[in-house]
Amino acid sequence: MKEIKQFDVVILGGGLAGIYAALTLDSNLHIGLFIKDSIERGSSNLAQGGIAAEVIWDEAKIEEHYEDTLRAGGYLNDKEATRILVEEAGKHINQLLSLGVHFDKNSDGSLVTTLEGGHRSRRILHAGGDDTGAHVMADLRETLSKRDNIDVFENEMAIEILHNQNKALGVIVINPDNEEVYILANRIILATGGIGGIYKKSTNEKIACGDGIAMAYRAGVAIKNMEFVQFHPTGFYVEDQIGKTFLISEAVRGEGGILRNIEGYRFMEKYDVERMELAPRDVVSQAIHREMFDTWSDHVYLDITHQPKEFLMKRFPTIYKHCLEYGIDISKDYIPVAPVEHFLCGGIDTDIYGKTSMQNLYAIGECANTGVHGANRLASNSLLECIVFAGRVAEDINKEKDTFGKIDVILPDMVFTHKKFNFKDIRVEIRDVMSKYVFIVRTEENLTLAKKLLTKHYNNLKKIRVFSRYYYETINMVTVALLIIDQALARKDSIGCHFRLN
Ligand code: SIN
């Protein structure tokens, strides 16, 4: 006997996009929020810098945010979606405030703003100094806990989309007792995050396996712009450390941080004399990569020693403390940094209401390709994208809620193998291959080799269907890795985060 649950709306993912959508949907809707791990894990919680937003309606300033976003994105951005992003920013920041989020404030009560790469003015709001994601998410979880129309299921991983004739009907979930549960819903929202877990080093948790993107791909949904994997220039470098990498926020460069190679030479003037350290991330990561190559090194330094200790301790409490644990006092010492995987600019293709190519299926947050990032995301536009497009999805669903009813569906008979494989070796190889051959600088030869190595695993994994989180994470990882490789092979020119040597 299959266990079946039904909701008006099912949301997969408990990051900013997922929770904000849940809180913005009509409170008469019965919502199921499914999170594959604990609600406190996940990339939104790790965001340091902040949220880019012009909060006061000022046409010239909003136009500048629009142009900065396009310029960082190599003008490959969807112009309509980008305009929506910058114009609706203020409205959604106000909504966040009314949902109980506390941003850092000046003594006169106005919001504090900072600067990051690619922005012409100080428009980044932050919370807890350099701990924005953790603060925003804690405030939203508090509000979520008071909503009785939203049922939260932690440690429940969705593995397949139930669909018929290109219409989404629900998802199959593995519950904490390792049982199959069929979740039916009138509308399904994918907010499953990014792909950091397919690289050896990422600012994200290893649990970011591209689950939503791979699941959508298996269901035949359109996936776009996967070649645009953004590498953050300043992951905290610790020799031989792999996995989740502590981020040194771009806001450190916003407050005057200088990049130096291991010989102490300030090198950004060679790469972008106009914007220097505050050039967009693709430019800075590629510059660091080149400097590391030329100096036979695996890191460079970030120097913020000209700022007073008191300022650094107040403005960057998390970074200050973390570096000190490694014996680095950032008011006196250079911080060792190197580029690491940070963000996927593409993903499940959507329109300006978050609708995917499958009816009743939406995508928001990092797993979505709304088109606002183009070939490279502007700093602190990711949390903004989460709230603006989650808000639009909620608006779209709220309009249609009166048509919702019981879903009649003949459930498929999925045949699973119940084995205890852990697929560790395959995961290690995926991360090795992606970090070696599908990193900042790409060549036809390396991409082709990566494709060959990973296709073998994909074909083997497809032959079996093991009913476990570990199987699904692994096949999801190899699926998104191959999507990145294929789309990187197809784009012969260099643009944004996609740098082709040949
Ligand atoms: C950072 O603080 O550098 C990360 C913010 C972002 O990813 O936009």
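Every number here is computed from the coordinates shown, using simple stated rules; none is lab data. None of the values given here were measured: they were computed from a predicted structure. Positions of Cβ are generated from backbone atoms using ideal geometry, with glycine treated the same way; all protein chains shown enter the neighbour counts.
At a glance:
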item: Under 19 Å from the Cα of LYS451 - lysines, other chains or at least 8 residues apart; result: LYS200, LYS224, LYS436, LYS462, LYS463, LYS492
item: Between segment 373-421 and segment 28-58, the alpha-carbon center distance in angstrom; result: 14
item: Radius of gyration and Dmax over the Cα atoms of the chain, both given in Å; result: 21.9, 68
item: Low-density loop positions, GluC sites (Glu not before Pro), segment 266-348 - DSSP coil, at most 12 other Cβ in 10 Å; result: GLU274
item: For the chain, the longest site-free run once trypsin sites (Lys or Arg not before Pro) in DSSP loop states with at most 12 other Cβ atoms within 10 Å are removed; result: 147-331
item: Sparse-neighbourhood loop sites, chymotrypsin sites (Phe, Trp or Tyr not before Pro) in segment 226-299 - DSSP loop, at most 16 other Cβ within 10 angstrom; result: TYR265, TRP296
item: Contact order normalised by residue count of the chain, Cα under 8 Å, 6+ apart, percent; result: 22
item: Calculated Rg and Dmax of segment 281-367 using C-alpha coordinates, Å; result: 19.4, 56
item: Kirkwood Rh and Cα Rg combined as Rg/Rh, segment 355-502; result: 1.04
item: Calculated P(r) tail over 17 Å for segment 136-243, as whole % of Cα pairs; result: 67
item: Charge dipole (segment 14-102, unit charges on Cβ, about Cα centre) - positive-most of LEU29, ILE93, GLY50; result: LEU29
item: Computed helical MRE - 222 nm, the chain, DSSP H runs ≥ 4 contributing -39500 (n - 2.57), nearest 500; result: -11000 deg cm²/dmol
item: Within straight-line cross-link reach of LYS146, lysines at Cα separation under 29 Å, skipping those fewer than 8 residues along the same chain; result: LYS5, LYS36, LYS91, LYS105, LYS355, LYS399, LYS401, LYS406
item: Charged-residue dipole, Cβ positions (Lys, Arg, Asp, Glu), the chain about Cα centre, Debye nearest 20; result: 1200
